[in-house]
Structures are given as C-alpha cells and as structure tokens.
Amino acid sequence: MAEIKTKANDCSVDAFLASVDNAKRRADGQELCKLMADITGEKPVMWGPAIVGFGATEMTYANGKKVDWMRVGFSPRKASLSLYLTCDLDQLSDQLADLGTYSRGKGCLYVKKLEDVDPAALANLIEVAYATAGE
C-alpha cells in the first residue's frame, strides 16, 4: 500500500500563505491561521505542500490503516478555503446550523470567503472539532 504523502514538515507557513496568488484568499488564510492558532494553542505546521495544520492525532481508515494527521487545518485553495476538521461532521449539526454559507465533503468544509460565515460559529466549530479530533 502506498504511503500517505501529506505529512507534517518544516516548510514555512508564513512563506506558504504569502505565496497565495489571490489577495483575498491570502488575507483569509492569514486570518484563519491566527484564529486556529488562538483556539488550539498550537503553532501552525505545514502538512504536505499546501495544508496548514494544528495539532496531531492518529486517524484510522476504514481498512484499518493508521496515519498521523492534523487535528484541524485549512488550505487556501483556488476555488475556496478548505477547512480540514478531523471529526464526524454529522455530529456537529448544531455548530453547522449557525455557520452560514459553506459546502462540505466527508471531513472538510469549503468556504468561499470568511465573511460568508459567522465568526463566532466558526470559532465554536473549530474548538469542538479540535477537542473531538480522532474520536
């Protein structure tokens, strides 16, 4: 089985965020980085070439394979901000109800811009996701 390529590394988070082409996405990424650091008490760490993560946990795939993964993280992608929340989003329906405009994948949320979401609801969601990561 192939080894996971998205691992924590020593690349500079500041340099990565500064390299984001879209000025609005770059500013949102910098703001989200500060918010996640404040909430988690963790320093941001690059995971792979394009994800900023906070904390670490062990995640188990359906096939039983275990990998190290961030507790929470994000990536300022071209189309949206991807928020990686290592938790069961279905169990966070109360937090998601107040969030605002977003779409979702299995373990992540996609937000076009930070002003599309309620700041308090986002902070609460990150806090709960961080606390329950890996459960």
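The values are calculated or read from the model by the stated rules, or taken from the named source; none is laboratory data. Remember, it's a predicted structure, so these values are computed and weren't measured experimentally. Cβ sites come from the backbone with ideal geometry, for glycine too, and all protein chains shown count toward neighbours.
I'd like to verify a number: residues in segment 30-55 that are closer than 14 Å to residue 72 by Cβ, among the small types (Gly, Ala, Ser) and within 14 Å of the chain's Cα centre (by Cα), how many?
Final tally of qualifying residues: 3.
I want to confirm something. Restricting to segment 49-87 and keeping residues that are surrounded by fewer than 15 Cβ atoms within 10 Å (Cβ to Cβ) and in a strand (DSSP E or B), which single residue is modelled with the lowest pLDDT?
It comes out as 60.
Go through the residues of segment 27-36 one by one and say whether even a single one is of a type outside the set (S, T, N, Q), closer than 23 Å to residue 132 by Cβ and assigned to a strand (DSSP E or B).
Among the residues of segment 27-36, not one is of a type outside the set (S, T, N, Q), closer than 23 Å to residue 132 by Cβ and assigned to a strand (DSSP E or B), which makes the answer no.
Mind listing whichever residues of segment 7-59 are β-branched (Val, Ile, Thr) and farther than 16 Å from residue 71 by Cβ?
20
Hey, among the residues in segment 88-101 that are of a type in the set (Asp, Glu) and either under 11 Å from the mean Cα position of the chain (by Cα) or within 21 Å of residue 115 (Cα to Cα) (or both), which one's modelled with the lowest pLDDT?
Across segment 88-101, the extreme among qualifying residues is 94.
How many of the residues making up segment 88-135 are among the aromatic types (Phe, Trp, Tyr), outside any helix (DSSP H, G or I) and either within 17 Å of residue 55 (Cβ to Cβ) or in contact with a helix residue (DSSP H, G or I) (Cβ under 9 Å, 6 or more places away or on another chain) (or both)?
Of the residues in that region, 1 qualify.
Can you work out which of the residues in segment 97-125 that are in contact with a Phe, Trp or Tyr (Cβ under 9 Å, 6 or more places away or on another chain) and under 19 Å from residue 40 (Cα atoms) is surrounded by the fewest Cβ atoms within 10 Å (Cβ to Cβ)?
Looking at the filtered set, the residue picked out is 107.
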